[in-house]
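Since every read-out is calculated from the coordinates, none of them should be taken as a lab result. Note that the structure is predicted; figures quoted are calculated from it, not measured. Positions of Cβ are backbone-derived with ideal geometry, glycine not excepted, and every protein chain shown enters the neighbour counts.
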Amino acid sequence: MNASLLILALTVASFLLGFLRDLFIAEAFGLSWEADLIFVALILPLFFENFLGLALRDAMIPYLQKLRGQSESLFQAVATWLYWRVAGLGLAVCVVASAASYWLLSALAPGWSAAQVDAGQLVFCVGTLLIAVQAVLYCQGALLNMEGVFVMPMTRTVLLNAGAIVGILLLEPTGMVIFVGMLLPQLALIAVQHRRIGYVGRRHQVRTAGRGGEFGLAFAPVLLAAGAQQACILAERMFASFLQEGSITMLSFAFRIVTIPLTLYAMSILAVLFPRFVESWERGDHHEHGATVRKGLLAALLFLVPAAVVLCSFPEAVVQVLLERGEFGDAQTAATATLVAAYGIGLPAMGFALLWGRALLAQHRARLFLIVMLASSGLTIVLDALLLRPFGAEGLAIAFSAGAVVQALLMGFFVYRTSPAGFGFPLLARWLGIAAVVGGVLHYLPKPGGFIELCLYIGAVLVAFVLGLGALGERDLFRPAYWSMKKG
């Protein structure tokens, strides 16, 4: 539990720093092409962060846990083999992306003119270096998580955002300064974690012949699923480039606001629980496996349902407090707030999909995981195309939320068939019922104005959830012993 709390604190710090970084961008550039360039240059690094990074971790932990059960020396040899090939792959992607920067930037922002693409190429190339850095860091993170080390890998995002802020404060705020500031501290972290892992710097006598194909079969479905998920974000940004200037920035700001609690949950509670999912399933202890997944579900509800109620009830107040300053004024706040509400509707479903998806991977059901991801992602992109013209940017956000709901329902269904406790019908009914009541009441109350009133409303929402859940018989949420992460 202490590790989860410390990781949660680091994640909160990272997001606070991330918002501070975005506030500097909003203040300096407003909703402009310069701001859009920064977010477009981040599309590929974020894509590969999930495509190679998160997918790699999710595939490596179950695969290597099986090898460790056979032999520690086999585990270390294969882990070392994977480590260096991931590093080489990340570097190769950077070289290819830089060489094809003009065509990639044109494809990512097809609505831009040739002059805009030319002006943004250098910043885009520097941004692609994040791909190689993040590939190595996520590989290191998977290996460290298997040793019970969670805090050190979590400093990555803190260093990334802090580096960007330091660069902005010390130098003129430009895209180049922001990306260089992100890169340098992460390179230092790579060196520290490499020394901490230790065995990846040694030669191993155990043969690894054939392990590449074996891991490839385990990795491919997860990799394709992550690619399908990221394709939704890519499609959304590409469609947005045809809308009015600043639409990409609005979508990026709104998505970041909505996914704050999602990332807090994913990087703290879920990051610690996922190895537990794998271990309990490998031991054949399906009772513990289902109980652990249920614990993750209760944590997801705690992080995401009250947040969704607040975001959908007071989106303008949230955006005003977080972003309205400098070039970001009333008009920008009103436009961004509609996107926050549209994304916010799907926030709980995004968390459920993350949780139940990891449960399927722990159960070695990667192909099923892939099929669900392809179906939900395809639906999202189709809805993007259908809703773009009548609803603009708001239609794109609604499409993303709808896809998340479908994904969560499908994954939850298949988890329920194997581990009914992991779906938790009574648990979901309690929380969603209270959310509907609280949201309905808030609809008729005056909207908060300013930071203090928003905080008071958020506090009132949390109190309402506590009282309502207590009245409906929720007990585990209030028992500290239930949240212990100790084994056994």
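Rounded to the nearest 0.05, the FRET efficiency derived from the C-beta distance between PHE413 and VAL96 at R0 = 51 Å is 0.85. Given a Förster distance of 41 angstrom, what is the FRET efficiency for ALA334 paired with ARG475, based on the Cβ-Cβ distance and rounded to 0.05? Calculated value: 0.45.
In this calculation the C-beta distance from LEU170 to VAL192 is compared with R0 = 25 Å, giving a FRET efficiency of 0.60. Loop sites here are trypsin sites (Lys or Arg not before Pro) outside DSSP states H, G, I, E and B with no more than 12 other Cβ atoms within 10 Å. The longest part of the chain free of them is 1-201.
Would you calculate, for the chain, the mean residue ellipticity at 222 nm contributed by helices, counting each DSSP H stretch of 4 or more residues as -39,500 (n - 2.57) and dividing by all residues, to the nearest 500? Computed ellipticity for the chain at 222 nm equals -27500 deg cm²/dmol.
Across the chain, Cα pairs under 8 Å and at least six residues apart give a relative contact order of 20 percent.
In the stretch 214-488, Cα pairs under 8 Å separated by at least six residues give a relative contact order of 26 percent. Taking all Cα pairs closer than 8 Å and separated by 6 or more residues, the relative contact order of the stretch 1-209 comes to 31 percent.
Working from label points 7 Å from Cα in the Cα-to-Cβ sense, the ILE371 to SER113 distance is 5.0 nm. Taken about its Cα centre, the chain carries a charge dipole of about 2020 debye when Lys and Arg each add +1 at the Cβ and Asp and Glu each add -1 at the Cβ. At full extension, HIS443 and TYR199 could sit 82.1 nm farther apart than now, given 0.36 nm per residue minus the alpha carbon distance. Starting from the Cα of LEU16, step 7 Å toward the Cβ, then list every residue of the stretch 149-171 with an amide N under 15 Å from that point. Those under the cut-off are 158-159, 161-162.
Taking label points 7 Å from Cα along the Cα-to-Cβ direction, LEU184 and LEU122 give a separation of 1.8 nm.
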